[in-house]
Amino acid sequence: MSSAHELDRGFAAALLGEEDHEIVAEIQGDGLDPSARIAIYRNHVFATLTEALEATYPVVVRLVDRRFFGYAADRFIRERPPAGPCVFEYGESLADFLASLPPCRDLVYLPDVARLEWALNRALHAEDAVPLDRRWLADVPADEIGTVRLVLHPSVSLMRSPWPIDRIWRSNQADADPGATVSLDEGGACLTIHRAGDDVVFRTLTPSSYTFRRALADDLDLERAVDAARSVDPSFDLAGTLRELLDEGLIVGGTVSPR
Amino acid sequence: MHVGIGLRAPHVAEVLATRPATGFFEVHTENYLGGGPRVAALERVRRDTPVALHGVGLSLAGGDPLDRRHLVRIKDLVDRIQPVLVSEHLAWSVVGGAYLNHLLPLPYDDTRLDETSRRIEQVQETLGRTILIENPARYLRFHRSPIPEPAFLGELGRRTGCGILLDVNNVYVSTRNFDEDPHEYLAAVPAAAVGEIHLAGHATNHAEERTILIDDHGSRVAEPVWDLYRVALDRFGVVPTLIEWDTNLPELAVLLDEAASAERLVQASQSRERHVVSA
């Protein structure tokens, strides 16, 4: 092994459970099998990353059982090790990974529950931003209001699921009624997830409100966002929805494009 | 600020409510690189008590180039928190874009010395201040590793102006794991370069062939480590000392009690020094 990079690569491969004989030749035994020495480092890597995933996905852990989660986390870490140094940013693709895992195939709602938990984690750590003064919007001339593009708070996630993931999530909280059941036939959910003060919250949205917020997040102007919402529900209430967003402090910027 | 404690998330609310008297708090830099309540709470802690930032993710001694985005985020946090100390490790954690969340070992040779020095210089230039580099706990060594660890750290300091964060528990763990003498290690560390000392508990792992000590930060400081700390204080003078605890985190009071033990040894060392000066 000539370069530092090659040596590190060999060590990382041995850590993540691939071939270790090349790196083993570089390591002194000092009275112990070099593979056992590598295993000390491997144990720490897997224990701490599994702990981080368990902290981000407590409901998924409950739904699949902690032992199965440990097995899934082990495979996930090997296949998709962290791409950055902050553990609170690790695990975004766990939902996709679970969706591809054959033993989870019958738990059709599981990936969306994982996506909800990721959105909660993301909201907790998202960058801070100052809400837009509501007078800003009031001062836009009436004939230009349709060209306004609004910026949502960085903590906002919008989710639509065909499964009742909001009720599944709530029924798996410590204070939930242990006898309560959720039927998958109850239907899906449109959700907004964001940070409110020091807390992270989510609530259900009407399909038109979801579509409107989704359009804002996709950087569409108000005219097109309203069109999208009214195509879902002709009685979509623009003024009421904007008031909600402003009250929740979720609009943090805006631009007008004069015609 | 003789002795401080590592501040972990479960203790933050109690610290803000009770404001315990301690020299400083140290946090892991990578836990505070987002927004929201976590970093806001750290700012409130910082109003009353100095805060040190202890990094675990820059991979200074690795083969991958420095992660500039990560460094910029650290710079932003340093500007926001105005830490009293900034430190990192003589270790690597990143290769080919995979971040392995551990302080991994390296051979101590000239190539690594050159590369690590260059990265420390880059970090210090970006942050506009010198940093401290910590000796890692080690569970293996490489065949081709000609430079002893304390000499490697000393040379990093000589080339870059960085200081040494001497983890006395790691000195004990690493030397015991390789049947070396921890006192010889301490004697080989350039005294003027030591800018901070870490203390923590370790675990004893009875492997089949031999006993391995593991730096798990999961218990009180072991008696032989306190003994080494006494020697370190006499050799390196009174530098800021930190009690670290990460695994099986106990009540805050236990950490403060460990800090009080360290403070008593600091006082004893100072009175020994006065005695020597006046004799």
Scan of region A:91-123 for residues that are among the hydrophobic types (A, V, I, L, M, F, W, C) and within 22 Å of A:Pro154 (Cβ to Cβ), ordered by number: A:Leu94, A:Ala95, A:Ala114, A:Leu116, A:Trp118, A:Ala119, A:Leu120, A:Ala123
So, in region B:190-217, of the ones that are touching a strand residue (DSSP E or B) at 6+ places or on another chain (Cβ under 6 Å) and in a loop (DSSP other than H, G, I, E, B), which residue ends up surrounded by the most Cβ atoms within 10 Å (Cβ to Cβ)? B:His202
Could you grab me the full set of residues in region A:105-141 that are in a loop (DSSP other than H, G, I, E, B) and charged (D, E, K, R)? A:Arg105, A:Asp106, A:Glu127, A:Asp128, A:Asp133, A:Asp139
Is it the case that some residue within region A:81-99 is in contact with a His (Cβ under 6 Å, 6 or more places away or on another chain), within 8 Å of chain B (Cβ to nearest Cβ) and part of a loop (DSSP other than H, G, I, E, B)? yes
Which one is farthest from the other protein chains (Cβ to nearest Cβ), of the residues in region A:113-132 that are of a type outside the set (Asp, Glu) and touching a helix residue (DSSP H, G or I) at 6+ places or on another chain (Cβ under 7 Å)? A:Val113
Selection within region A:33-58 - crowded, with 18+ Cβ neighbours inside 10 Å, more than 14 Å from B:His102 (Cα to Cα) and facing another protein chain (nearest Cβ under 9 Å): A:Pro34, A:Arg37
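Tell me, which residue of region A:19-32 that is without any contact (Cβ under 8 Å) to a residue 12 or more places away in the chain and away from every other protein chain (no Cβ under 12 Å) is farthest from A:Asn43 (Cα to Cα)? Please lay out each step first, then the result.
Narrowing region A:19-32 to residues without any contact (Cβ under 8 Å) to a residue 12 or more places away in the chain: A:19, A:21, A:25, A:27-32.
Checking which are away from every other protein chain (no Cβ under 12 Å) leaves us with A:19, A:21.
Values: A:Glu19: 17, A:His21: 18 Å.
Among those residues, the one meeting the criterion is A:His21.
Here's the yes/no breakdown for (1) under 15 Å from B:Leu165 (Cβ atoms); (2) part of a helix (DSSP H, G or I):
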residue	(1), (2)
B:Ala232	yes, yes
B:Arg235	no, yes
B:Asp246	no, no
B:Leu249	no, no
B:Val254	no, yes
B:Ser261	no, yes
B:Val266	no, yes
State all residues of region B:80-123 that are farther than 24 Å from A:Thr48 by Cα, away from every other protein chain (no Cβ under 11 Å) and of a type in the set (S, T, N, Q); if no residue qualifies, say none. B:Gln82, B:Ser117, B:Gln122
All conditions in (1) surrounded by fewer than 19 Cβ atoms within 10 Å (Cβ to Cβ); (2) in contact with a helix residue (DSSP H, G or I) (Cβ under 6 Å, 6 or more places away or on another chain); (3) under 21 Å from A:Arg62 (Cβ atoms); (4) not hydrophobic (A, V, I, L, M, F, W, C) are true of A:Glu223 except (3)
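Residue by residue through region A:234-258, note down the ones that are in a loop (DSSP other than H, G, I, E, B), under 18 Å from A:Thr211 (Cβ atoms) and either touching a helix residue (DSSP H, G or I) at 6+ places or on another chain (Cβ under 7 Å) or outside the structural domain of A:Arg213 (by TED's automatic domain parsing) (or both).
Correct list: A:Phe236 only.
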Going through region B:1-51 one residue at a time, which ones are at pLDDT 95 or above, more than 14 Å from chain A (Cβ to nearest Cβ) and in contact with a Phe, Trp or Tyr (Cβ under 8 Å, 6 or more places away or on another chain)? B:Gly4, B:Ile5, B:Gly6, B:Leu7, B:Val15, B:Val45, B:Thr49, B:Pro50, B:Val51
Would you pick out the residues in region B:4-61 that are among the aliphatic types (A, V, I, L, M) and touching a residue at least 60 places away in the same chain (Cβ under 8 Å)? B:Ile5, B:Val15, B:Ala52, B:Leu58, B:Leu60
Is one or more of the residues making up region A:142-155 assigned to a helix (DSSP H, G or I) and in contact with a strand residue (DSSP E or B) (Cβ under 9 Å, 6 or more places away or on another chain)? yes
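Regarding A:Ile77, is this residue among the aliphatic types (A, V, I, L, M), in contact (Cβ under 8 Å) with a residue 40 or more places away in the chain, within 11 Å of another protein chain (Cβ to nearest Cβ) and crowded, with 17+ Cβ neighbours inside 10 Å? Quick ask: steps written out before the conclusion?
Numbers: among the aliphatic types (A, V, I, L, M): yes; in contact (Cβ under 8 Å) with a residue 40 or more places away in the chain: yes; within 11 Å of another protein chain (Cβ to nearest Cβ): yes; crowded, with 17+ Cβ neighbours inside 10 Å: yes.
Answer is yes for this residue.
The values are calculated or read from the model by the stated rules, or taken from the named source; none is laboratory data. Just so it is clear, the structure is predicted and the values come from calculations on it, not from any experiment. Cβ: placed from backbone, ideal geometry, glycine included. Neighbour counts: every protein chain shown.
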